[in-house]
Amino acid sequence: LGHKLANVYDGSALSATSDAGSVASKNTYIFKLANPHGAANKNTTDNTSSADNPAQEGNDDANKNRAMLLMESGVRFHTTTYFSSSSSGGGGGSGDMPSNFAMKLRKHLRNLRLENATQLGNLDRVVDFRFGSGQFAHHILLELYAQGNIVLTDSTYTILALLRTHEYVVKNEEKKTQEDEEVKVRVGNV
């Protein structure tokens with residue numbers, strides 16, 4: 001908590017470094033969090049180890065000032081320090097574009113501070129990550145059941161983006177015909 005969001009990466013960035021299938025990687029997102037107080041923390045660290053190994057000190061400072069939050073829809077979320085430098089592009093490879101959902105997350109969450117992470121209800125498997133505060137707050141709701149979902153909302157919990165959308169088929173009973181009418185759940189019109 002207290003880290004600012006620097007960037008959002010697709011799970012395809014992990015596919016080059018792990019044996020996870022493409023299904024897992026398309027439901028996985030990595031949030032790069034940076035400690036805004038990193039420069040202040042550097043001055044308060046013990047300098048005795050820097051004389052022994054200066055290269056290690058720089059690497060330790062970099063790791064203390066950032067964290068990676070991995071979210072996999074319906075499965076898990078955790079912090080990690082491992083992230084391949086070759087996958088630092090948009091969606092994982094050298095010229096890959098990030099998904100539309102990742103770009104939407106970047107647009108609304110970049111430079112906002114992770115303020116809170118709470119479980120909704122006592123036994124519910126939904127986690128609310130709040131970025132920012134007041135009217136500028138945005139929430140990511142991570143559902144940890146079945147295939148789950150990742151939902152981006154604003155401060156009033158109005159849905160801005162969904163990872164997975166659903167389509168429903170409704171029988172048209174007024175016309176008494178066998179034609180089915182497609183109903184899609186649309187973001188912003190729910």
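The values are calculated or read from the model by the stated rules, or taken from the named source; none is laboratory data. These numbers were taken from a predicted model, which means no experiment stands behind them. Neighbour counts run over all protein chains shown; Cβ positions are idealised from the backbone, glycine included. To get the accessible areas, we keep the full protein, side chains included, count just its heavy atoms, and leave off ligands, DNA and RNA. Shrake-Rupley method; radii C 1.70, N 1.55, O 1.52, S 1.80 Å.
For the residues 4, 107, a 1.4 Å probe over the protein chains yields an accessible-area ranking, largest first, of 107, 4. With the simple spin-label model, which puts each label point 7 Å out from Cα in the Cβ direction, the residue 67 to residue 135 separation comes to 3.0 nm. Can you tally the net charge around residue 8? Count Lys and Arg as +1, Asp and Glu as -1, for every other residue whose Cβ sits under 12 Å from the Cβ of residue 8. Local charge sum for residue 8: +4. In this structure the amide hydrogen of residue 116, modeled in the peptide plane, comes within under 5 Å of the amide hydrogens of 130, none closer than 5 places in sequence on its chain. Database remark: amide H of residue 66 closer than 5 angstrom to the amide H of 35 (H placed geometrically; neighbours at sequence offset of 5 or more, or on other chains; Pro and chain starts carry no H). So what's the net charge close to residue 105: Lys and Arg +1, Asp and Glu -1, counting the other residues with Cβ under 12 Å from its Cβ? Overall, the nearby charge balance is +4.
Which length gain, in nm to one decimal place, applies between residue 159 and residue 112 when the Cα-Cα distance is subtracted from 0.36 nm times their residue separation? Intermediate values should be presented prior to the final figure.
Numbers: separation 47, 0.36 × 47 = 16.92 nm, distance 1.79 nm.
Contour length minus the Cα-Cα distance gives 15.1 nm.
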